[in-house]
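A short reminder: the numbers here are calculations on the coordinates, not readings from a lab. Values in this document were obtained by computation on a predicted structure and should not be read as measured data. Here the Cβ positions follow ideal geometry from the backbone for every residue, glycine too, while neighbour counts run over all protein chains shown.
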Amino acid sequence: MHPAPSVIIFSVLSGMGFGLLALMGAGLAHATGWPAFLWWGLGYGLAIAGLLAAAFHLGNPRNGLKAFSQWRTSWLSREAWAAVATLLLLAPVALSDLLDLGLPRQFGWPGAVLALFTVFTTAMIYAQIRAVPRWHHPTTPLVFVGFAVTGGAVLAGQDWAGWCMAFMVPVLLLYWRIGDGQFDRAAQTLGTATGLDRVGQVGVFEQAHTASNYLLREMIFVVGRKHAQRLRIIALLLAALLPILILTVAPHRPIVFGIAAMVHMCGAFVQRWLFFAEAEHVVGLYYGQR
Amino acid sequence: MTQLPTQTAKRLGLVVDLDTCVGCQACVTACKGWNDQGSGLSDQDPYGADPSGTFLNRVHSYQVQPVEGTAQIINFPRSCLHCEDAPCVTVCPTGASYKRHQDGIVLVNEDACIGCGLCAWACPYGAREMDVAQGVMKKCTLCVDRIYNENLPEEDREPACVRTCPTGARHFGDFADPGSNVSRLTADRGGYDLMPDLKTRPTNKYLPPRKKDRRHEASLLAPLLDIKATGFAGWLDKMLSKI
Amino acid sequence: MNAPILNTSPVISDEVRKTTCYMCACRCGINVHLREGRVSYIEGNRDHPVNKGVLCAKGASGIMQIHAPSRLRAPLRRVGPRGSGAFEEISWDEALDLAVSWMKPLRETAPEKLAFFTGRDQSQSFTGWWAQAFGTPNYAAHGGFCSVNMAAAGIYTIGGAFWEFGAPDWERTKLFVMFGVAEDHDSNPIKIGLGKLKARGARVIGVNPVRTGYNAIADDWYGITPGTDGLLILSLIHCLLVAGKVDLTYLAQFTNAPLLVNAAEGPEKGLILKNAESQPFVIDRRTGQPAPWDGKGVEPDLGAVYQGHRTVFQHMAERYLSPDHAPEAVAARCGIPAARIHALAAELADVAFNQSIEIQQEWTDFRGNHHASMPGRPVSFHAMRGISAHSNGFQTARALHLLQIILGTVEVPGGFRLKPPYPKPVDAHPTPHFTAAPGKPLSGPHLGYVRGPEQLALKEDGTPARIDKAFTWENPFSAHGLMHMLIPNAHAGDPYRIDTLFLYMANMAWNSSMNTSRVLQMLTDKDEDGEYVIPRIIYSDAYASEMVAYADLILPDTTYMERHDCISLLDRPISEPDAAGDSIRWPVTEPDRDVRAFQTVLLDLGHRLGLAPMVAADGSPRYKDYADYIQNHIRRPGVGPLIGFRGAAGDEQGRGDANPDQIAAYIRNGGFYQAHVPPEAAFYKPWNAAYQDWAVKTSFYESPQPYLFSIWSEPMRKFQLAAEGHGPIQPPTHLRARLKQAMDPLPIWYPPYGDLEAKGWGYPVHALTQRPMDMYHSWGSQNAWLRQIRGKNYLYLPTRLWQENAFKAGDYARVISPNGGITVPVAHMAALNENTVWTWNAIGKRKAAWALAEGAAEATEGFLLNHLISELLPEKSDGLRYSNSDPVTGQAAWFDLRVRIENVGPKPQSEPSFPPIPRVVPKGTAR
Ligand SMILES: Nc1nc2c(c(=O)[nH]1)N[C@H]1C(S)=C(S)[C@@H](COP(=O)(O)OP(=O)(O)OC[C@H]3O[C@@H](n4cnc5c(=O)[nH]c(N)nc54)[C@H](O)[C@@H]3O)O[C@H]1N2
Ligand SMILES: Nc1nc2c(c(=O)[nH]1)N[C@H]1C(S)=C(S)[C@@H](COP(=O)(O)OP(=O)(O)OC[C@H]3O[C@@H](n4cnc5c(=O)[nH]c(N)nc54)[C@H](O)[C@@H]3O)O[C@H]1N2
Ligand code: SF4
Ligand code: SF4
Ligand code: SF4
Ligand code: SF4
Ligand code: SF4
Ligand SMILES: [Mo]
């Protein structure tokens, strides 16, 4: 799949944003006054920035509001609802923190749950797609939610952020391990795609058009896959190992968490680029490509 | 409305005969022509180095090597299959994507489309193309604007690609009616689904190529007589005595 | 929730106008939809005899053609050096005055110095008529480089040919065999027919080195080695003769098999034996005595020997029974196992003789014999350039017709049927006219069918009368001329120099010429005193083609939606076996540019030049425009360009006075007219009295022309006799041997001339082109839709060559022929003869031509094979270089090409790559 910057930015930023909001809502990270303003601001900022980035991916944003209509079947629609609901539900909590109104913490819990659910819906947009076997697996939401919590934790300067990252290492390895076998498990070939496996071994003679098209640009992205292994290592290093190292050697000061967060975010971006670039759509079969 | 109808009154769709398709691309440009005049299917850089445009029907060409016998070329038209369990519909956040309960045709309501592209991702068959100029999703409409069109003579109320196909390799009809041309062709010629494992339950069916390059057990010609022995005169005699 | 309300009955257009497609020469009927006067949609005309509603990929893209940015906009005069593309726009008056100032002196002194050649011209009976009035012998259309072998072999053998001049009986045939067909002129009818066969589950067999398109859906594929079809066909005939599976009754009644071949030594040897009234005769089996060939009740004896003279049948049988023609003897050369040849012969025999059919329809033959029914042998054949574009193509096509004849499958139910005005024997065709005289018209039509050496187009001194050397000893039956020799001969001044080259819709500076790079030089070469060797070039094109850049004066034509055209029975009509048909084009839209219909321009030129048929008594133009000509021109009394709605009342068919309302009547009728063949005349046409009478009535001939199929060709034997030294008109010594071989009166096979040399010098691989179904020669690439489908081409290599040269996807190959080398992208194809490579024809374009970007794939990766093909064969031992053509007809031997291949790895673009031609129209942007 084509790793569109807008979508990568969206999923990484909003993921971290909602992760942070979740922690704040749950009260795991609690502050008042300016620090609260910074944290809530960061949470809302990232979440909203992410959503805006997503809007850039739309060919026709004018109809944006209609995206709320199909929550019954569409994970994208559900995501829209979840996101907005989260932001609204947590608003009073944030306000109370800023002005130190001392609203009971329980008020934040629904918002916290909803925040993580938002990230889950984002993941399900991808996970539901059978045509992209690598995505079509429970580890996809696991990775997204994992990144959200981890990102949130490190942004919220939680001492246990390192453990989250440590947890992400096996999760990612598992996701990649399973992912690499997904396409073959889906057992779709040019033979089944055309049904010509009944005749014999099928190969492409001529492409339908010699000119390019939307499918080739959007779903048959093969560029840069050869660097996958290297990028996976980089993703692991940046998203987990390096920040863990930083957090274990350096004293737990905001600035240190800040640096760790930046490094982690870079890792998240690399992981997210791979998430798309490595994903193979079955339509590629018709073009003799994966 | 992205909830799929549990069942539709009719199940309109196409049968594509791979034993007959010569890969002439007529259905490709007929489709482009019909759909271009109305809603419009844009082309980018049409006279430039990297032209690219929206097409709702594309014809591939594959080479197939049977276990034994000579290799074959098989032409393969690809357009929307109007699936019964159309994932492209359920993923749509706006309801722009929908499947008609009257006849099962899967359509995009361009007025409601936000161009998120998710339906195209969800389609295993590459049947949806985002129109770059309009930012909305395009797909085969089964010529819904022809098949019921009162302004067209009865005989023309069929898809443009079917009407134009010179070899008659494309057939349009109602799969819900077991007596329809498409149902009968599917039954008689072993029409099949593409990627059935993906649980989309396509409406369109493909007819497999007939068996080619038959082994020649056919009884060979027996000589009239032993020419070497009789010579030409003998042959001529025997030959003409046949009249 | 409920679905949006959608209008399922949108209004499609304000108006529909029915005219004729022009995206190729198939000439289908189209319904052109207009919105606010602009063409909005094109669909096939269901009532039209050719396409019955369907359209091909090109036809349905016509809208992109008529709006293409490549359309020429105004007359142009060259100001810079030729080929530099520096032009200035001029007015039509300036353009026509300039043309006249060049042409008039030529007409008054030496009309032959104007050479007027047209490409795939659909108005040949008109352009030929114009050239005749001008008086130049130098006129022809594209047929010579196209498929004249097929046309001529057909006329000389069965009085009709493949191309679109005949068709299988699609409704009844049970076995259909194609030789060397990719697309053909009859594009949609063949596809429709194949569809009918497939729907019935009838068998289709393809004989072709390449298995694409029609051959891809064939039930059986014979991947023959190029140039060897003659061997295969004669071997099939051998098998059928050995097994006695031939239609003796058919041979005895309808062919010259029972005629006697003169056995007496001397100038008559091998000619058909004639009686005192110089009529051929047969021996009647009932009496054993001579009887007239056309006598009622006569039962011709195929085995007769009369005073030592034997029948054609015996000569034929004896030749093909010989073991040299056994499958085992030819299998290796054909690349087809002997067993499969036997099997094919058996299949043919089985369907022809065990599955014969019969139509309950009485008819009477020309002898007066009554027949209770019409028996049929449901085997049919079709063939095209795979057979004809070789230097043995004429004889190979003759062999195929012979195969049809011995199976008794021509003009019978289930077999191959001719379309009116065919059948038409050689004798019903004109002979070539070629004597030019200052200020005088030519005495008759340029092109025709020679019966013997005395009709060759030679001057008193024996030198060629025509610039293309048509109808000479080098190619006696060149019925369509030799367009591919025009520029080389004009450049060489051989046989003489010409002054003005007048070309119409032929892209001779690119895909239509052999040896393109060399032709570009010929067009720009100057002689010692700085003059162009070809002094003047006038060209009419509608688009910014490669050729435009090499003309001195450009006459921009309209597009096919903006003018009148006439698809005439005097020319290449749109008939079907059951109906004669002709049609028109008419301006369904107005030009938005300063362009004029070429035919109207020709009439204007004719008037300005004072050509008699184009000047009225009062000196005014005889015809206002082409439409006026179409309606009012009278070719023979009562006969004009169109057969429909003739006579003042518009109710006469075939013959009748001009009708001022004729075009309007055609438009009302959907743009075409059909004259239906009566049922009793539908089959056995050459011998069917009812058909002959109908044909005379409908104006195809002036009197009935029944004839016998020519298994033994007397015209050919006459040339062989000359080569043997008989007769007053003698060939040059160096051609005798070749004529003796090539002009054999019975079909033979000899290796294509290209092969002879090739072997020795190590060019082991055959290289071919195929027509893409979605492109028409050079003109599809300007079409925004079509160029997305096929914007570049690859050289397809068979598995053997792919592996031997370790090719990978993305590699380029260096392809070398005796004529030079090209470097081109390759791809692998398994369903391909293992000694053959091929590519799609005419996809490669010159940079900046056709209003495309210079970086367009067509101009960077796309390529032509033409650079590898020479119009001349390599020098012979005698120092002579013959044209790369068939020795009988002069047909260009495109497919004799032999090459050698090397892997050169990935490359940025194809070679040779020429500098861009400066633009005559701006580069296209939005569509
Ligand atoms: N779409 C489209 N239609 C066209 C045209 C076009 O450009 N585009 N051009 C028109 C014109 S001008 C013409 S002349 C006709 C030509 O009509 P076709 O003759 O059908 O066209 P070609 O592509 O030249 O076909 C040559 C075929 O013969 C095969 N062949 C080559 N050598 C041999 C041989 O030795 N033996 C056998 N058995 N086969 C051989 C080739 O593989 C190819 O399939 O098409 C006309 N129709
Ligand atoms: N290698 C290879 N070369 C081949 C062949 C092959 O098989 N292999 N085939 C040969 C054969 S059979 C043929 S017939 C030739 C065909 O070659 P051409 O007859 O030259 O065919 P086109 O390339 O279509 O060129 C026709 C020209 O007519 C112009 N034209 C189009 N429409 C109009 C119009 O309405 N009015 C005017 N005035 N001009 C118009 C086009 O712009 C183009 O420049 O190619 C030959 N060349
Ligand atoms: S029009 Fe018919 S024959 Fe041609 S490509 Fe389409 S389906 Fe095949
Ligand atoms: S083919 Fe694709 S677009 Fe058409 S209905 Fe099925 S999934 Fe949807
Ligand atoms: S692109 Fe349009 S139709 Fe497709 S899912 Fe998005 S909104 Fe729905
Ligand atoms: S049915 Fe209509 S829209 Fe669909 S492919 Fe055919 S022509 Fe195109
Ligand atoms: S075959 Fe195609 S291009 Fe040729 S006339 Fe017919 S529709 Fe037009
Ligand atoms: Mo041609």
Treating only the Cβ of Lys, Arg, Asp and Glu as charged (+1, +1, -1, -1), what charge dipole size does the protein assembly as shown show about its Cα centre? Round to the nearest 20 debye.
2760
Once region C:782-927 is represented by equal point scatterers at the alpha-carbon sites, with solvent omitted, what log10 I(q)/I(0) does the Debye formula produce at q = 0.10, 0.16, 0.17 Å⁻¹?
-0.42, -0.95, -1.02
Inter-site label distance for residue A:178 and residue A:109 at 7 Å from Cα along Cβ, in nm:
2.9
With point charges of +1 on the Cβ of Lys and Arg and -1 on the Cβ of Asp and Glu, referenced to the Cα centre of region B:20-131, which listed residue (B:80, B:125, B:67) lies farthest in the positive direction of the dipole?
B:67
Dimensionless Rg/Rh of region C:98-150 - Kirkwood Rh, Rg from C-alpha atoms:
1.04
When the chain is fully extended, how far beyond the present Cα-Cα distance does residue C:200 get from residue C:617, taking 0.36 nm per residue of separation?
144.0 nm
Counting only helical runs of four or more DSSP H residues, what would the 222 nm mean residue ellipticity of chain C come to if each run contributes -39,500 (n - 2.57) and the total is spread over all its residues?
-7000 deg cm²/dmol
Intensity falloff of region C:166-233 expressed as log10 I(q)/I(0), Debye formula with alpha-carbon point scatterers, at q = 0.18, 0.21 Å⁻¹:
-0.65, -0.87
How large is the Rg to Rh ratio of region C:774-830 when both quantities use alpha carbon positions and Rh follows Kirkwood?
1.07
With R₀ set to 41 angstrom, the calculated FRET efficiency between the beta-carbons of residue C:729 and residue C:318, to the nearest 0.05, is 0.85
How would region C:790-874 be classified by its alpha-carbon gyration tensor: rounded, prolate or oblate, with rounded meaning a/c under 1.5 and the a/b versus b/c comparison settling the rest?
oblate
Take every residue in peptide B:193-201, count the Cβ atoms of other chains within 10 Å of its Cβ, and give the average of those counts.
4
Chain A: angle of helix A:108-127 to the longest principal axis, Cα-based, in degrees nearest 10:
10
At residue B:188 and residue C:443, where each label point lies 7 Å from the Cα along Cα→Cβ, what is the point-to-point distance in nanometres?
6.2
Fraction in percent of alpha-carbon pairs per bin - 10 Å, region C:862-927
14, 30, 26, 22, 7, 1
Evaluate E = 1/(1 + (r/R0)^6) for residue B:70 and residue A:226, where r is the Cβ-Cβ distance and R0 equals 41 Å; express this FRET efficiency to the nearest 0.05.
0.70
From zero outward in steps of 10 Å, how is the percent of C-alpha pairs of region C:324-453 spread across the bins?
10, 25, 30, 20, 11, 4, 0
If you plug each phi of region C:56-63 into the Karplus form 6.51 cos²θ - 1.76 cosθ + 1.60 with θ = phi - 60°, what whole-Hz ³J(HN,Hα) values come out, in order, with x for Gly and Pro?
8, 4, 6, x, 6, 9, x, 4
Could you tell me the center-to-center distance, by alpha carbons, between region B:39-68 and region A:91-145 in angstrom?
41
On alpha carbon coordinates alone, what is the Rg over Rh value for region C:711-775, Rh being the Kirkwood radius?
1.17
HN-Hα couplings for region C:406-417 via Karplus (6.51, -1.76, 1.60; θ = phi - 60°), in whole Hz with x for Gly/Pro, come out as 5, 7, x, 10, 9, 6, 10, x, x, x, 8, 10
Convex hull per residue volume in Å³, alpha carbons only, for region C:389-489
144
Nearest 0.05, what FRET efficiency do residue C:329 and residue B:220 give at R0 = 25 Å with Cβ-Cβ as r?
0.90
Computed over chain C, the relative contact order (Cα-Cα under 8 Å, seq sep at least six) in percent reads 17
In what order do C:785, A:273 fall by count of nearby beta-carbon atoms within 10 Å, going from fewest to most?
A:273, C:785
How would C:222, C:532 line up from fewest to most surrounding beta-carbon atoms within 10 angstrom?
C:532, C:222
I'd like the orientation of helix B:26-37 relative to chain B: the angle between its Cα long axis and the longest Cα principal axis, in ° from 0 to 90, rounded to 10.
20
Sorting C:566, A:164 on the 10 Å Cβ count, fewest up front, what's the list?
A:164, C:566
On each of the three principal axes the extent of the alpha-carbon atoms of chain A, given in whole Å and largest first, is 73, 46, 29
Residues in region C:58-79 reached by a label modelled at residue C:524 [backbone nitrogen below 18 Å; 7 Å Cα→Cβ]:
C:78-79
Peptides C:292-298, C:653-659 ordered by average Cβ neighbours within 10 Å, highest first:
C:653-659, C:292-298
Local electrostatic count at residue C:737 - Lys and Arg +1, Asp and Glu -1, tallied over other residues with Cβ under 12 Å:
+2
The farthest towards the positive end of the charge dipole of the protein assembly as shown, of the residues C:783, A:98, A:4, given +1 on Cβ of Lys and Arg and -1 on Cβ of Asp and Glu, is A:98
Which value, to two decimals, describes the C-alpha radius of gyration of chain C once divided by 2.2 N^0.38 Å?
0.92
For region A:1-63, shape from the Cα gyration tensor axes a ≥ b ≥ c, cut at a/c of 1.5 then a/b versus b/c, turns out prolate
How big is the equivalent ellipsoid of the protein assembly as shown along its three axes, where each semi-axis is √(5λ) from the Cα gyration tensor, reported in whole Å from largest to smallest?
67, 35, 31
Evaluated at q = 0.10 Å⁻¹: base-10 log I(q)/I(0), Debye formula over Cα of region B:107-243
-0.58
